[in-house]
Every structure is written in C-alpha cells, then in structure tokens.
C-alpha cells in the first residue's frame, strides 16, 4: 500500500508546483524495508497555456521527483 499526501499551488500558470510526502506499507519480505521509509515529492503539473477547451486528461502532464528522506543526528 502506498500513501501520498501533498500540496499543489495554483501558480505559475502552465507549471503548477507540487510538494508532498509518500509512505509505504507491505508485509512482503522483498519490500518490508520500505515500511520505515519516508519519501519527499517535488514536481509539477503541466498544462498548456492557454489550456484547450475542454481540458482533457491527455493534455495534463505530471512530473514528480521522489527521494527517500534519510535520518541524520542533529548537530551537537
């Protein structure tokens, strides 16, 4: 199971900014290491400017970068 949460900004036109987090839950041995991982998401929702009317799913491009957030000890 994957869970994604995030926030999308309505700007800038044509390349709306997206940030978020992703977590994973699995009882399969090959993927259980991901159960302790938190990932960050950064990306864009791209729509032609001006958008076609009506706007269809094929006109929208989702571009996301996902990276695992690693724990480091705080500075002393």
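Every number here is computed from the coordinates shown, using simple stated rules; none is lab data. As the structure is a computational prediction, the values presented were derived from the model and not from experiment.
In percent, what relative contact order does the chain have, based on Cα pairs under 8 Å that are 6 or more apart in sequence?
Answer for the chain is 26 percent.
Semi-axes, largest first, in whole Å: what does sqrt of 5 times each Cα gyration tensor eigenvalue give for the chain?
Whole-Å semi-axes of the equivalent ellipsoid: 32, 17, 8.
Taking 0.36 nm per residue of separation and subtracting the Cα-Cα distance, what length does fully extending residue 23 through residue 53 add?
Gain on extension, residue 23 to residue 53, equals 7.2 nm.
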